[in-house]
Amino acid sequence: NAGVMQNPRHLVRRRGQEARLRCSPMKGHSHVYWYRQLPEEGLKFMVYLQKENIIDESGMPKERFSAEFPKEGPSILRIQQVVRGDSAAYFCASSRTGTDTQYFGPGTRLTVL
Amino acid sequence: KQEVTQIPAALSVPEGENLVLNCSFTDSAIYNLQWFRQDPGKGLTSLLLIQSSQREQTSGRLNASLDKSSGRSTLYIAASQPGDSATYLCAAELAGAGSYQLTFGKGTKLSVIP
């Protein structure tokens, strides 16, 4: 059973461009979480999704950030018009149910030039 | 708002020594508490998960304890090895509200010296 997969592993964008980060949960997992780890900071929750539904987006910045988890395909975290402060490691986690252990992917490291 | 604090921020020990990492949280209404390991440039590996009804969990040389009333958890590592060198994160999951987000501490960076 493959673990949580994230791609790309590294992403470089110039200011103003869009960044799309993908997360494929473990097989049988329908709950996905996105976290962000800023340099020298702890991981911060961003958003929690189930298939086709956003359950909790209390950690998402109000502008430029969006997330989806379609019926088919990976979950996508989209950052529009990136700024240097968006440079961070973005981790995705998945679980079988909301109360099960969250399994983390290797992360996508976003660098904004 | 849940806050999780880990002390110390960094720790260096000689190989073979037993050690304790500390984690404290402000809201005792947690569903569970989890300890993770993060290697440089890598993702997180779950080490131990303690449900709120449990007091401790053990896996090999690792033992994690949970005291909800005092808002504390500890991770005990026995007979440390150089391969244990990593950053250790604790994370609390708040109970209720339909969301299962984890609140992380900033971690303890452990170096085990051969």
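Any read-out appearing in this document is the output of simple, stated calculations on the displayed coordinates, not a laboratory observation. Because the structure is predicted, anything quoted here is derived from the model rather than measured. Cβ coordinates were reconstructed from backbone atoms using ideal geometry, including for glycine residues, and neighbour counts include every protein chain displayed.
Remark: mean inter-chain Cβ contacts per residue of B:39-52 equal 3, using a 10 Å Cβ-Cβ cutoff to other protein chain atoms. Working note: Karplus 6.51/-1.76/1.60 with θ = phi - 60° gives the stretch A:59-68 the couplings x, 7, x, 5, 10, 6, 9, 8, 9, 8 Hz, where Gly and Pro are set to x.
Centre-to-centre, using Cα atoms only, the stretch A:21-69 and the stretch B:32-48 are separated by 17 Å.
Counting, for every residue in A:52-64, the Cβ atoms of other protein chains within 10 Å of its Cβ and taking the mean gives 1.
Percent of alpha carbon pairs in the protein assembly as shown separated by more than 25 Å? Tail fraction, whole percent: 41. With no solvent and one point on each alpha carbon, what is the Debye value of log10 I(q)/I(0) for chain B at q = 0.10, 0.11 Å⁻¹? One equal scatterer on each Cα of chain B leads to -0.27, -0.32. The ranking of A:Lys27, B:Lys68 by Cβ neighbour count inside 10 Å, starting from the fewest, reads A:Lys27, B:Lys68. With neighbour counts taken as other beta-carbon atoms within 10 Å, the residues A:Thr101, A:Thr108, B:Thr58 rank, fewest first, as B:Thr58, A:Thr101, A:Thr108. Take each residue in A:39-45, count the other chain C-beta atoms within 10 Å of its C-beta, and the mean is 5. Spin-label pair B:Gln2-A:Arg14: with each label point 7 Å from Cα along the Cα-Cβ axis, the two points sit 4.2 nm from one another. Can you pull the one-decimal nm distance between simple spin-label points at A:Lys44 and B:Ala9, each 7 Å off the Cα toward Cβ? So the two model labels end up 1.7 nm from each other.
With 22 Å as the limit, write out which pairs from A:Lys51/B:Lys68; A:Lys62/B:Lys1; A:Lys62/B:Lys42; A:Lys27/A:Lys51; B:Lys1/B:Lys106 have Cα-Cα distances beyond it, or answer none. Over 22 Å apart, Cα to Cα: A:Lys51/B:Lys68; A:Lys62/B:Lys42. Work through the residues other than B:Ala64 whose Cβ is under 13 Å from its Cβ and net out their charges, Lys, Arg +1 and Asp, Glu -1. Summing Lys and Arg as +1 and Asp and Glu as -1 gives +2.
As a proxy for reagent exposure, ranking A:Phe91, A:Phe45 by other Cβ atoms within 10 Å from fewest up yields A:Phe45, A:Phe91.
Applying 1/(1 + (r/R0)^6) with R0 = 35 Å to the Cβ-Cβ distance of B:Ala79 and B:Ser52 gives a FRET efficiency near 0.75.
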